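The next block holds one structure in the form of structure tokens; read it before the comments.
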């Protein structure tokens with residue numbers, strides 16, 4: 001008896017998935033051009049710093065790479081359907097680290113120079129960074145996500161898929177910016193110790209400012225872009241308005257963090273970081289919650305169109321759509337039945353998500369049948385380990 005339905009609803013008809021290698025599309029070559037030019041420019045600047053403070057640059061590169069790894073793993077885990085290939089994540093991270101950084105540096109200098117001419121040196125010193133950074137940095141990071149969407153449009157079927165890509169672009173920008181700041185700080189450091197400035201930057205930029213930095217800003221902006229590209233059923237005017245609103249929200253969050261507002265607040269730098277950063281974190285959490293909720297609707301739609309409850313039980317639908325809920329389910333099972341059961345559940349969850357992705361892309365074809373067989377086998381393994389009844 002089959003568990004794959006062959007009569008999906010018309011509105012859920014599957015689509016193929018574009019790869020990120022698209023030499024016939026102009027957006028691909030534009031993306032590649034700025035990545036190559038940006039990598040050459042940024043790495044050349046870092047090499048100049050290396051000739052002056054080699055230890056600081058090498059240790060800084062190692063530290064910031066380690067810093068990025070858990071964030072990348074987290075963002076990869078949020079890509080529920082594993083829609084983006086490793087190449088997609090690499091391109092997003094590279095755009096943030098090379099393309100956006102290369103474009104931002106001269107424009108930031110120009111905006112701050114303009115602020116000095118219009119408002120005077122004191123105004124530029126106080127408000128220049130808060131005006132230049134949000135405007136230019138958010139714009140160029142955002143444009144990178146737009147290019148990625150144009151290169152591989154069908155890899156972005158949901159709002160969350162765009163938000164995850166935006167966060168990855170922001171993380172790449174954040175890590176490269178932190179490395180540049182680390183090198184510059186080491187050059188200007190009052191002592192010859194090249195390790196101390198790395199530690200200082202890790203504390204200041206990584207710990208005190210890392211959670212509410214570029215990855216969060218760009219993900220907020222890209223919620224609106226995701227709504228624009230993943231909601232074709234909504235009026236175009238509304239989609240554009242939402243995209244503009246969320247970009248302005250990201251700009252405002254970045255402006256608030258960089259501005260001199262509340263700097264007279266007592267309590268030191270830690271208190272100031274929390275007072276300015278926590279509201280931004282709350283906004284970011286709300287945006288991610290909305291994107292995750294929308295992803296749950298997609299999981300339910302695909303399940304109801306193609307699968308029955310022997311493959312994805314009704315109570316599993318919400319769990320599969322949430323990284324937090326999937327992890328909680330494994331933790332509960334590990335407590336009750338041990339680590340082997342939790343590991344098997346993890347494999348089952350991945351197999352179910354793979355099945356959903358395959359059905360969403362190609363419908364109930366041969367690849368979906370093979371994926372369904374894997375789900376059945378893993379569910380049987382889990383039943384054998386736990387003694388719990390299989391899904392009806």
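The values are calculated or read from the model by the stated rules, or taken from the named source; none is laboratory data. Quantities reported herein were computed from a predicted structural model and do not represent experimental measurements. Cβ sites come from the backbone with ideal geometry, for glycine too, and all protein chains shown count toward neighbours.
What to note about this one:
- Hey, residue 216 buried (at least 16 other Cβ atoms within 10 Å of the Cβ) and at pLDDT 95 or above or not: no
- Options 137, 112: the member that is part of a helix (DSSP H, G or I), over 18 Å from residue 38 (Cα atoms) and assigned by TED's automatic domain parsing to the domain that holds residue 44: 112
- Condition met for residue 176 (assigned to a helix (DSSP H, G or I), under 24 Å from residue 298 (Cα atoms) and at pLDDT 90 or above): no
- Of everything in region 11-35 that is loosely packed, with under 14 Cβ neighbours inside 10 Å and assigned to a helix (DSSP H, G or I), the residue that is modelled with the lowest pLDDT is 11.
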